[in-house]
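S.K.: Encoded as structure tokens, here's the structure I'll be asking about.
The values are calculated or read from the model by the stated rules, or taken from the named source; none is laboratory data. All values reported here derive from a predicted model rather than from experimental measurement. Neighbour counts are summed over all protein chains in view; Cβ atoms, including those assigned to glycine, are modelled from backbone coordinates with ideal geometry.
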Amino acid sequence: MSYERELSVAREAAREAGAILRRHYEHGTEAWEKSADNPVTLADLEADFERESRQLRDEPDPSALEVEEYPVQPRKSDTDVERVVLVWTPWGADKSGIAERLF
């Protein structure tokens, strides 16, 4: 099994983290205490943000995912209705028959 993609992602993450830390080392940063002897710096927060935003960017495009249909027969015992809600917004038709909002 090849781990080239994982290695590439790890190297890129290390480069990005290094750039963030270097910038904060050169220009200084603020720090807060999460708890006793447990500081959090602006560099920590920025690195977390970069990592999480990269994960969002790298997630697969939902339109490119293959969807497999799997029919499931519902059973009455699997259904439990606790509340029924009706939402209504008034619509009408103009003189040409085109629907228009009345709100």
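S.K.: For the stretch 53-64, how many residues are surrounded by fewer than 10 Cβ atoms within 10 Å (Cβ to Cβ) and in a helix (DSSP H, G or I)?
M.R.: 7
S.K.: Using beta carbons and a limit of 7 Å, which pairs, at least six apart or on different chains, have the first residue in the stretch 34-60 and under 20 Å from GLU12 (Cβ atoms) and the second one surrounded by 11 or more Cβ atoms within 10 Å (Cβ to Cβ) and not aliphatic (A, V, I, L, M)?
M.R.: That search, which allows pairs on different chains as well, returns ALA43/HIS24; ALA43/THR29; GLU50/GLU16.
Rundown of residues vs (1) modelled with pLDDT under 75; (2) surrounded by fewer than 10 Cβ atoms within 10 Å (Cβ to Cβ); (3) of a type in the set (Asp, Glu), yes/no style:
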{"residue": "GLU4", "(1), (2), (3)": "no, yes, yes"}
{"residue": "ALA17", "(1), (2), (3)": "no, no, no"}
{"residue": "ARG23", "(1), (2), (3)": "no, no, no"}
{"residue": "GLU30", "(1), (2), (3)": "yes, no, yes"}
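S.K.: Same structure again: Determine, yes or no, whether VAL67 is at negative phi, part of a loop (DSSP other than H, G, I, E, B) and over 24 Å from the mean Cα position of the chain (by Cα). Walk me through it before giving the result.
M.R.: Working: at negative phi: yes; part of a loop (DSSP other than H, G, I, E, B): yes; over 24 Å from the mean Cα position of the chain (by Cα): no.
The answer is no for VAL67.
S.K.: On the given criteria, is VAL40 out of contact with any Leu (no Cβ under 9 Å at 6 or more places or on another chain), among the β-branched types (Val, Ile, Thr), assigned to a loop (DSSP other than H, G, I, E, B) and modelled with pLDDT of 75 or more? First the steps, then the outcome.
M.R.: Details: out of contact with any Leu (no Cβ under 9 Å at 6 or more places or on another chain): yes; among the β-branched types (Val, Ile, Thr): yes; assigned to a loop (DSSP other than H, G, I, E, B): no; modelled with pLDDT of 75 or more: yes.
Taking the combined requirement at face value, the residue does not satisfy it.
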